[in-house]
Amino acid sequence: MFTGPGAIRWIRPLLPAVAAGFLLTGCGGDPAPATPSKSPVTTSASAVPSSSAPATTSPLTQDIRDAYQAAADAHPGADLDNCTTGTSLDDKDCGAALSAAAKVAADTERRLRREEPEYADELYNAVFLTTSAVQGDLERLRHPIPCYGLSDEPQPPPPLRAEAESICAEAADIFKIEYGIFLSTVEP
């Protein structure tokens, strides 16, 4: 057999190729053939998926989409673009948008629970978790600081107003993130 320093120099470049072959064989794959096939690769039209073919939707996903769409239609105005970091503390348009978004989430959950009362928690758990987060965030916008007219509590005194606006803007940003997560569970 080959021995000595000259043999090691000759074998060393082959080690990665041998290791790759062992890995492929060990993982169940066959190493690539040494010579490429001369025949051209052809595919039939039926083997290539058509981009115009409708994607199939599971009944569960369709139930979620339907419940969300019905809730969104019943509670329009969930345009959270009305709430920015510069939105005034008493801006009722922002408050109305936040409230409408929370209603959409709550109504979606209500409709899904009505759809499958016995197994709703198991079937729609992801939606319910995000709905709960949205509801909790809306409560933080109502109390202890009455953000965006969501509560009848008196506004903070002028020395604290800038700090209250900052807190409300941050809470609204968190709400918008949670609502975005909710939307990712219900929209196509």
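The values are calculated or read from the model by the stated rules, or taken from the named source; none is laboratory data. As the structure is a prediction and not an experimental result, all values here were calculated from the model. Positions of Cβ are generated from backbone atoms using ideal geometry, with glycine treated the same way; all protein chains shown enter the neighbour counts. Note: accessible area is taken over every heavy atom of the protein model, side chains too, but ligands, DNA and RNA are not part of it. Shrake-Rupley method; radii C 1.70, N 1.55, O 1.52, S 1.80 Å.
Points to keep in mind about this one:
- The residues in segment 160-188 that are closer than 30 Å to residue 58 by Cα and not basic (Lys, Arg) can be counted, and the count is 13.
- Just one of the listed residues (153, 109, 118, 163) is surrounded by 21 or more Cβ atoms within 10 Å (Cβ to Cβ), acidic (Asp, Glu) and more than 17 Å from residue 79 (Cα to Cα), and it is 109.
- Which numbered condition residue 104 fails, given (1) closer than 21 Å to residue 69 by Cα; (2) modelled with pLDDT under 95: (2)
- Restricting 120, 106, 100 to residues that are within 28 Å of residue 62 (Cβ to Cβ) and free of Cβ contacts under 8 Å to residues at least 24 places away in the same chain narrows the list to 120.
- Members of segment 160-179 that are free of Cβ contacts under 8 Å to residues at least 60 places away in the same chain and closer than 19 Å to residue 97 by Cβ: 167, 170, 171, 174, 177, 178
To keep it simple, each residue is scored yes or no on (1) polar (S, T, N, Q); (2) touching a Lys or Arg at 6+ places or on another chain (Cβ under 6 Å); (3) in contact (Cβ under 8 Å) with a residue 40 or more places away in the chain; (4) farther than 21 Å from residue 61 by Cα.
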{"site": "111", "(1), (2), (3), (4)": "no, no, yes, no"}
{"site": "132", "(1), (2), (3), (4)": "yes, no, no, no"}
{"site": "142", "(1), (2), (3), (4)": "no, no, no, yes"}
{"site": "148", "(1), (2), (3), (4)": "no, no, yes, yes"}
{"site": "153", "(1), (2), (3), (4)": "no, no, no, yes"}
{"site": "158", "(1), (2), (3), (4)": "no, no, no, yes"}
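- Residues that are of a type in the set (Gly, Ala, Ser) and out of contact with any Asp or Glu (no Cβ under 9 Å at 6 or more places or on another chain) number at least 1 in the following helices (runs of 4 or more DSSP H) confined to segment 76-166: 92-115, 125-142.
- The residues listed here are 177, 181; of these, the one that is open to solvent by 60 Å² or more (accessible area, probe 1.4 Å), within 20 Å of residue 128 (Cα to Cα) and touching a helix residue (DSSP H, G or I) at 6+ places or on another chain (Cβ under 6 Å) is 181.
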